[in-house]
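Have a look at the structure below before the remarks.
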Amino acid sequence: MNKSTSREIDPVMQNFQNSQQIMQENLLRQREAQKQLSNAVLYSSYQGLDSLSVLQRENFGIRKLEKDSLIYIGLNTQMKILKNYFLQNNHDDSLRIAFKSPDNLTVFIHDFESKGDLVQNLKSLKRGSDFLKHKVENTIGQLKAISYKIKRGNKKYNGYVLCFQAADFQNYYEFESDQLTPATLKIRAIDFFAQNMKETKK
């Protein structure tokens with residue numbers, strides 16, 4: 001018997017390996033598609049999220065809070081998120097957490113290392129939307145407050161973001177609503193910070 005022939009891959013094994021590879025590639029594509037949907041799911045209405053089953057919410061990495069909850073957003077900083085809010089905590093890309101209130105206010109918290117311009121990085125964070133316009137409201141030291149407007153699908157959203165920069169690290173707290181006016185959204189954002197940010201003891 002020819003030794004080289006005996007070392008040839010069995011056609012059955014070859015077909016099995018090929019099918020395994022195809023299955024893995026399909027799984028990766030599904031995960032990527034799920035990730036894209038997961039990143040956009042909080043642009044659904046609160047009522048739409050409420051109509052999803054628990055399993056569907058789990059697939060999107062979201063859950064409805066049964067009580068007021070403190071979430072760590074830094075080593076010494078916690079944020080209180082109220083009962084009945086939807087919380088997404090995927091640790092996905094630069095998105096630390098996101099949550100949505102019963103009156104359809106959505107908050108996204110991004111952080112990442114960057115030396116880039118805060119406004120340009122905000123536009124990059126909103127790359128899944130049409131970034132329509134922005135206005136720098138205020139700059140105080142390491143803080144920049146920006147109002148903006150985006151469009152996703154057939155809906156327009158007002159946004160108000162507080163951007164913090166320390167050395168090469170940037171942090172964005174984005175408040176968005178398709179119902180609140182820019183002035184009301186700004187008040188809600190500032191009030192949320194005043195009422196819900198907690199410094200923990202070292």
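Some observations on this one:
- Global size of region 132-171: 12.2, 38 Å for Rg and Dmax (C-alpha atoms, Rg to one decimal, Dmax whole).
- On full extension, the segment bounded by residue 45 and residue 69 gains 6.5 nm, given 0.36 nm per residue less the C-alpha separation.
- Electrostatic tally near residue 68: other residues with Cβ closer than 9 Å to its Cβ, Lys and Arg +1, Asp and Glu -1, net +3.
- Flagged links, alpha-carbon separation over 19 Å, of 126/151; 126/149; 100/126; 100/144; 115/156; 67/100: 100/144; 115/156
- Other-chain or far-sequence residues with amide H under 5 Å of residue 73's (modelled H): 78, 79
- Modelled this way, with points 7 Å down the Cα-to-C-beta line, the labels at residue 193 and residue 164 are 0.9 nm from one another.
- Potential lengthening between residue 77 and residue 10 on full extension [0.36 nm per residue; Cα-Cα distance subtracted]: 18.2 nm
- Net length available on complete extension from residue 56 to residue 155 is 33.3 nm, with 0.36 nm assigned per residue and the Cα-Cα distance removed.
Every read-out reported here was derived from the displayed coordinates using simple, explicitly stated rules and does not represent laboratory data. These numbers were taken from a predicted model, which means no experiment stands behind them. Note: ideal-geometry Cβ built from the backbone for every residue, glycine included; neighbour counts use all protein chains shown.
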